[in-house]
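Encoded as structure tokens, the structure appears first; notes follow it.
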Amino acid sequence: MVKVLRNWLYRYFSDEQAVVLAVLLVLGFAAILTLGGMLAPVLTGLILAFLMQGLVNAFERLRLRQIAAVWLVFTLFMSLLGLFLLVLLPLLWNQLSALFNELPRMLGEWQSLFLLLPERYPNLISDAQVLQLIETVRGEIGKFGQWVVSFSLSSLPMLLSIMIYLVLVPILVFFFLKDRVLIAEWFRGYLPRERSLITRVAEEMNTQIANYIRGKVIEIIVCGVVTYIAFIALGLNYAALLALFVGLSVVVPYIGAVVVTLPVVLIALFQWGLGDQFVYLMLVYGIIQVLDGNVLVPLLFSEAVNLHPVAIICAVLLFGGLWGFWGVFFAIPLATLFKAVIDAWPRSELATQE
């Protein structure tokens, strides 16, 4: 047993660069797990700067000085942030408030429909089952109401956190863009001189993560905007709120599209019933989902590393459980990181020749 373990260690950890890479990966994940909450503004700023770096590089290729390109991209970022805070956020809040005000009426209508089921389908469902279902729904609504009350009572600390993000994140984004070369040189100064393995993995992941983040942001915006236009054209209530959910659903592969369909279907049923408008909405919504999965995703992620759907779902569940939304968002890049490390990991065959 000891010999098997020694041979295994020699096979995979006889290379000094492999040991350094393993230590860096362990330290990186440990830092995020233990300090991720405190460093959340820094990580958010780093992600946003990474997202905008491609635009800075594009302006630099147009013979614009680096500092001028940074200021131009940063001004665009602040303009979009202001547009979100002053225009989009109030619209979403108004629709969310209207939806909460409409919930009692919607639930009353559904309760009336449930009570008619035993008369129409006596062989499938009984009065006791309907009453049990109504009580279960009421209990869940009560829990949700308690959560809303507790959430509102704790809103002051949340508002302070939001204010901290609104101040710190733009500052961090600017300095990450402006001093990226200095920060990279400082970090490389602590790495060993022989780091070809680390460099190879880092270059591959830099390309993969950059393509994934920018592609995913573009996918969110395109899906959200197209869905909003379609819902507005069809006259669906809460179009902006539902379009936001549809846009964010693309973050979670496979699962997100299924989950977000439920509120779209329920609100459409409350508004129109099983009529022509409902059929038209479902048809348009289905076309959007099909075009997203079969046209937009292959177009945006054609250079991404091919991962099996089982690996993607496992990565979403694992990293989502560890880091919440950001874990879900970066599940595919992190899975790609493990794949890149495994493919590039040096292996020694000398131990088997004893």
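For the reader, a short list of remarks on this structure follows.
- Residue in the range 178-191 that is of a type outside the set (D, E, K, R), at pLDDT below 80 and surrounded by 10 or more Cβ atoms within 10 Å (Cβ to Cβ) present: yes
- Test: residue in the range 31-54 that is more than 21 Å from Val167 (Cα to Cα), small (Gly, Ala, Ser) and at pLDDT below 80: yes
Conditions (1) loosely packed, with under 14 Cβ neighbours inside 10 Å; (2) closer than 25 Å to Gly215 by Cβ; (3) within 21 Å of the chain's Cα centre (by Cα), marked per residue:
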residue: Leu48; (1), (2), (3): no, yes, yes
residue: Phe59; (1), (2), (3): no, yes, no
residue: Leu64; (1), (2), (3): no, yes, no
residue: Val70; (1), (2), (3): no, yes, no
residue: Phe74; (1), (2), (3): no, yes, no
residue: Phe77; (1), (2), (3): no, yes, yes
residue: Asn94; (1), (2), (3): yes, no, no
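- Qualifying positions in the range 225-241 - of a type in the set (Phe, Trp, Tyr) and either in contact with a Phe, Trp or Tyr (Cβ under 6 Å, 6 or more places away or on another chain) or surrounded by 21 or more Cβ atoms within 10 Å (Cβ to Cβ) (or both): Phe231, Tyr238
- Of residues in the range 96-110 being of a type in the set (Gly, Ala, Ser) and exposed (fewer than 11 other Cβ atoms within 10 Å of the Cβ), the one farthest from Phe245 (Cα to Cα): Gly108
- Residue in the range 83-93 that is at pLDDT below 70 and either not in a helix (DSSP H, G or I) or not charged (D, E, K, R) (or both) present: no
The values are calculated or read from the model by the stated rules, or taken from the named source; none is laboratory data. Nothing here was measured: the structure is a model prediction, and the numbers come from that model. Cβ atoms come from the backbone with ideal geometry, glycine included; neighbour counts cover every protein chain shown.
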